[in-house]
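Engineer: What follows is a structure written as structure tokens; I'll ask about it next.
The values are calculated or read from the model by the stated rules, or taken from the named source; none is laboratory data. Everything numeric here is computed off the predicted structure, so don't read it as measured data. Please note: Cβ atoms are built from the backbone with ideal geometry, for glycine as well, and neighbour counts cover all protein chains shown.
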Amino acid sequence: MTAFSYTAQRSVISGHSVGTNYDIDQPMSVINGPGGVPRKRERVALDGTTQTVHHRLEKTWTFRTTDMEQADMEAFLEFLDSVSFGELFTFDPYGTVASPSSPKTGILVSRDETPDRQYVESWQIGFKVRVL
């Protein structure tokens, strides 16, 4: 189970309100992280020597949900749509809302454009989060 805490902004489902904080627990079929991507700039002089400027090391997590029914998918899409434009949210890769283990603050880096239909009424969604 993975826990997410966010503020509803877009694609708000029935019973939820814009600007309200919500917590959800979502089972995941794939959790990869934390991966590190170095952000740097290298310059090579005419004599072949190099100079490297290290900007940062980006820690990322990659997730894929388990099969979701239509109602669960709409609630999860509310979460993804609400954080799609750089909004901060909290996630706990191996904890739950009731029992957190190591919550982290992150932003959404990328997500599947469309959910993957697994069965007639079942979908999976993949996405990537950068830890701040």
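Engineer: Looking only at segment 46-67, decide whether some residue is among the hydrophobic types (A, V, I, L, M, F, W, C) and without any contact (Cβ under 8 Å) to a residue 12 or more places away in the chain.
Structural biologist: Looking for residues that are among the hydrophobic types (A, V, I, L, M, F, W, C) and without any contact (Cβ under 8 Å) to a residue 12 or more places away in the chain, one finds at least one in segment 46-67, hence yes.
Yes/no matrix, rows are residues, columns are (1) over 17 Å from Met1 (Cβ atoms); (2) small (Gly, Ala, Ser); (3) touching a residue at least 24 places away in the same chain (Cβ under 8 Å):
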site: Lys40; (1), (2), (3): yes, no, no
site: Gln70; (1), (2), (3): yes, no, yes
site: Phe89; (1), (2), (3): no, no, yes
site: Pro93; (1), (2), (3): no, no, yes
site: Ser110; (1), (2), (3): yes, yes, no
site: Leu132; (1), (2), (3): yes, no, yes
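Engineer: Would you please name the residue that is nearest to Glu74 (Cα to Cα), looking only at residues in segment 1-20 that are among the hydrophobic types (A, V, I, L, M, F, W, C) and part of a loop (DSSP other than H, G, I, E, B)?
Structural biologist: Ile13
Engineer: I would also like to ask the following. For residues that are modelled with pLDDT under 90 and within 15 Å of Arg111 (Cβ to Cβ), tally how many sit in segment 34-72.
Structural biologist: 1
Engineer: Please enumerate the residues belonging to segment 60-82 that are in a strand (DSSP E or B) and over 19 Å from Ser122 (Cα atoms).
Structural biologist: Thr60, Trp61, Thr62
Engineer: From Phe127, Phe85, grab the single residue that is assigned to a loop (DSSP other than H, G, I, E, B) and out of contact with any His (no Cβ under 9 Å at 6 or more places or on another chain).
Structural biologist: Among Phe127, Phe85, only Phe85 is assigned to a loop (DSSP other than H, G, I, E, B) and out of contact with any His (no Cβ under 9 Å at 6 or more places or on another chain).
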